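A.B. asks: Encoded as structure tokens, here's the structure I'll be asking about.
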Amino acid sequence: MPVSPSDSLWWRQAAVYQIYPRSFADSNGDGMGDLPGITSRMAYLSALGIDAIWLSPFYPSALADGGYDVDDYRNVDPRLGSLDDFDAMVAAAHAADTRVIVDVVPNHSSNQHEWFKAALAAAPGSPERARYHFLDGLGDDGELPPSDWPSHFGGGAWTRVVEQAGPRAGSLGQWYLHLFATEQPDFNWDHPEVREDFHTTLRFWSDRGVDGFRIDVAHALVKDMSLPLRSKPVLEILVDDGTDPLFDRDAVHEIFEGWRSVLNEYNPPKAAVAEAWVPFTDRRLKYARPTELGQAFNFDLLQAPFSAVEFRSIAEKCLFEATASGASSTWVFSNHDVVRHPSRYALPDGSTRDDLEAWLLADGATPAVDLARGLRRARAATLFMLGLPGSAYLYQGEELGLFEAADLPASALQDPTWFRTLNTVKGRDGCRVPLPWSAVEPNFGFGGTPWLPQPVWFGSLAATAQDGVAGSTLEMYRSALSWRSKLQAEETLEWLASLSPEMVRYRRPNGWEVITNFGATPTQLPHDVDLSKVVLSSGGNATAGIGAGRVSGAGSATIPAETTLWIAP
Ligand code: NOJ
């Protein structure tokens, strides 16, 4: 059934599947996923039961940061296809009742963007330089960067250029700001041409039929560049009152109000979701206001341990946040920037972000991980999350239960983090390995020799190995996404008492219930749970393991360890 043009609120409880185009499906055998590859898998996506796909950048790029270094915002990287291929993909998606969201990267361009090339060629103080942040350095000869700001990927956030024009032509001169890689110069959002150009980009893709936008680093566009620049040796948001020089400044909201006006030129209005790593306060709500983007990612579940207390308090808090802002909540466990969640949950309890990085650096060898437990928890977490009101953002391959490819050889790594930290932080390549479609075909059915090597264990998790297999992760996602539409009548839930601190139980207004046992041992189910109504279990078949034993003296059955059940009214 084609998408309904009149449904303007489709995004509020959508299941959105993130595609990292280079790693999804390769149609021409060059080892890099492409747009025709996505089109060729539309039937798979539709059968999965998602409402929309979100494409990470597919624009022309030298791939210094996996495409988040954009050369041209209104074109397609020729290695990934053409604008005609894009149109064909959108048409195929819409014919399959699937919306399309594209990534917009407004904080920085690439250093190959025509504006940045013009800025390098022009003299200090020129109009060409004014679209970026160029400053003289400190020190007697400007040899020190203008501030101590670090880059997200390691190293400093300033790079000094050799001047091509002006009195210093031929010698080292000004510095430009890049909060990410050297190849990603930050735009100056005080410049009217920058603002206008992004409106043009939003209209360009909207006119081609996209249904929404994901806004990269939305909280960073406006910076306090008043001199002298303020010190900020660590990039975390240290304050949440708008006084941080780099992130979440009040003036950013005026930009997104302007974007909303553009997005509302369309009927239905285009959807938008902010990637804004802002701590939970009412400041985060602002990005999601109906007058701005509509949604903002909350990454709280993604950062939380697998714990009843954490999951419930995060869900309560984020639902409150969504209601207060007039938005709907967003849920996400994995994306192209983080270690895949079955691997995160397989690490010893209490592992920190530093522990995760150390584990990656040790090629996943130490500490030992319990993969079965990681996947069991990931599946339980997924069903806990897919039952909640709001939008679920799923990352390609999580429906297969893919783990992180933690032992990629150093020679294969491409993430700028690896290079900019001088090989001390491995980075994000392990979650970006091209997908295994087939257990038996070369390159697991991805296409040509993949740009990142696939691990041998990909075969057992390939889509064909799980297709039609009862209890497989793929079939669990398909069932959950198909049942999910029945849960979603209203965007609320009621928390119910449970019999154990390890158990969380909630009910949607139409009577659907979700129960998760976060504990490591089976536990008693509440007496009023009717086992005949269990339609889905993260443990496998709907009733696998349930009622297998009765807790002594109790009248009801047990739910297995680290398991979620869906119960129909
Ligand atoms: C967030 C994106 O998700 C990430 O992949 C990218 O490296 C940075 N923004 C910079 O664009």
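Conditions (1) in the same structural domain as Y393 (by TED's automatic domain parsing); (2) closer than 23 Å to D65 by Cα, marked per residue:
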residue	(1), (2)
F86	yes, yes
A93	yes, no
A96	yes, no
R99	yes, no
V102	yes, yes
A119	no, yes
P124	no, no
P127	no, no
R131	no, yes
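A.B. asks: Here is a follow-up. Could you check how many residues of the range 521-538 are open to solvent by 70 Å² or more (accessible area, probe 1.4 Å) and not hydroxyl-bearing (S, T, Y)?
C.D. replies: Summing the residues that are open to solvent by 70 Å² or more (accessible area, probe 1.4 Å) and not hydroxyl-bearing (S, T, Y) in the range 521-538 gives 4.
A.B. asks: A follow-up question, please. Between a residue in the range 59-82 that is open to solvent by less than 20 Å² (accessible area, probe 1.4 Å) and any residue that is part of a loop (DSSP other than H, G, I, E, B) and β-branched (V, I, T), which pairs come within a Cβ distance under 6 Å, given they are 6 or more apart or on different chains?
C.D. replies: Y59/V70; S61/V70; Y68/V105; V70/V105
Conditions tested, residue by residue: (1) open to solvent by less than 20 Å² (accessible area, probe 1.4 Å); (2) in the same structural domain as Q396 (by TED's automatic domain parsing); (3) at pLDDT 95 or above; (4) among the charged types (D, E, K, R).
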{"position": "P2", "(1), (2), (3), (4)": "no, no, no, no"}
{"position": "A14", "(1), (2), (3), (4)": "yes, yes, yes, no"}
{"position": "Q18", "(1), (2), (3), (4)": "yes, yes, yes, no"}
{"position": "P21", "(1), (2), (3), (4)": "yes, yes, yes, no"}
{"position": "D34", "(1), (2), (3), (4)": "yes, yes, yes, yes"}
{"position": "P57", "(1), (2), (3), (4)": "yes, yes, yes, no"}
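A.B. asks: Looking only at residues in the range 93-108 that are out of contact with any strand residue (DSSP E or B) (no Cβ under 8 Å at 6 or more places or on another chain) and open to solvent by 30 Å² or more (accessible area, probe 1.4 Å), which one is farthest from L48 (Cα to Cα)?
C.D. replies: Filtering the range 93-108 for residues that are out of contact with any strand residue (DSSP E or B) (no Cβ under 8 Å at 6 or more places or on another chain) and open to solvent by 30 Å² or more (accessible area, probe 1.4 Å), the one farthest from L48 (Cα to Cα) comes out as A95.
A.B. asks: I've got another one for you. Name the residues in the range 187-213 that are in contact with a helix residue (DSSP H, G or I) (Cβ under 8 Å, 6 or more places away or on another chain), of a type outside the set (A, V, I, L, M) and closer than 14 Å to V105 by Cα, would you?
C.D. replies: F187, N188, W189, R195, F198, H199, G212, F213
Per-residue answers, yes or no, for (1) in contact (Cβ under 8 Å) with a residue 24 or more places away in the chain; (2) surrounded by 15 or more Cβ atoms within 10 Å (Cβ to Cβ); (3) within 16 Å of the ligand (Cβ to nearest atom); (4) not β-branched (V, I, T):
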| residue | (1), (2), (3), (4) |
| --- | --- |
| S329 | yes, yes, no, yes |
| D337 | yes, yes, yes, yes |
| R340 | yes, yes, yes, yes |
| S343 | yes, yes, no, yes |
| A346 | yes, yes, no, yes |
| G350 | yes, no, no, yes |
| A358 | no, yes, no, yes |
| A380 | yes, yes, no, yes |
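A.B. asks: If M476 meets every condition in (1) touching a residue at least 60 places away in the same chain (Cβ under 8 Å); (2) open to solvent by less than 30 Å² (accessible area, probe 1.4 Å); (3) part of a loop (DSSP other than H, G, I, E, B) apart from one, which number is that one?
C.D. replies: Of everything listed in (1) touching a residue at least 60 places away in the same chain (Cβ under 8 Å); (2) open to solvent by less than 30 Å² (accessible area, probe 1.4 Å); (3) part of a loop (DSSP other than H, G, I, E, B), M476 misses just condition (3).
A.B. asks: With the checklist (1) closer than 18 Å to Y287 by Cβ; (2) modelled with pLDDT under 95 in hand, flag the one item W331 doesn't pass.
C.D. replies: Of (1) closer than 18 Å to Y287 by Cβ; (2) modelled with pLDDT under 95, only one is false for W331: (2).
A.B. asks: Just a yes or no: is a residue in the range 264-279 open to solvent by 10 Å² or more (accessible area, probe 1.4 Å) and modelled with pLDDT under 90?
C.D. replies: Yes.
A.B. asks: Applying the selection to the range 192-219, what residues are surrounded by fewer than 16 Cβ atoms within 10 Å (Cβ to Cβ) and either touching a residue at least 60 places away in the same chain (Cβ under 8 Å) or aliphatic (A, V, I, L, M) (or both)?
C.D. replies: Initial filter on the range 192-219 (surrounded by fewer than 16 Cβ atoms within 10 Å (Cβ to Cβ)): 192-193, 196, 199-200, 204, 207-208.
Answer for the range 192-219, where residues must be surrounded by fewer than 16 Cβ atoms within 10 Å (Cβ to Cβ) and either touching a residue at least 60 places away in the same chain (Cβ under 8 Å) or aliphatic (A, V, I, L, M) (or both): E193, H199, T200, F204, R208.
A.B. asks: Pick from the range 416-450 the residues that are within 16 Å of the ligand (Cβ to nearest atom) and over 19 Å from H341 (Cβ atoms): which of them is surrounded by the most Cβ atoms within 10 Å (Cβ to Cβ)?
C.D. replies: Ranking the qualifying residues of the range 416-450, first place goes to P416.
A.B. asks: Hey, among S171, S226, which residue is over 16 Å from F116 (Cα atoms), in contact with a strand residue (DSSP E or B) (Cβ under 9 Å, 6 or more places away or on another chain) and without any contact (Cβ under 8 Å) to a residue 24 or more places away in the chain?
C.D. replies: None of the other options fit; the residue is S171.
A.B. asks: May I pose another question? Would you point out which residue out of D429, D407, D467, D415 is within 25 Å of T564 (Cβ to Cβ) and of a type in the set (D, E)?
C.D. replies: D467
A.B. asks: Look through the range 160-192, keep the residues that are away from the ligand (no atom under 13 Å from the Cβ), assigned to a strand (DSSP E or B) and touching a Pro at 6+ places or on another chain (Cβ under 8 Å), and return whichever of them is nearest to L235 (Cα to Cα).
C.D. replies: Within the range 160-192, the match that is nearest to L235 (Cα to Cα) is L177.
The values are calculated or read from the model by the stated rules, or taken from the named source; none is laboratory data. Bear in mind the structure is a predicted one, so any value in this text is a computation, not a measurement. So basically every Cβ, Gly included, is an ideal-geometry build from the backbone, and we count neighbours across all protein chains shown. Side chains are part of the model used for accessible areas, which takes the heavy atoms of the whole protein and leaves out ligands, DNA and RNA. Shrake-Rupley method; radii C 1.70, N 1.55, O 1.52, S 1.80 Å.
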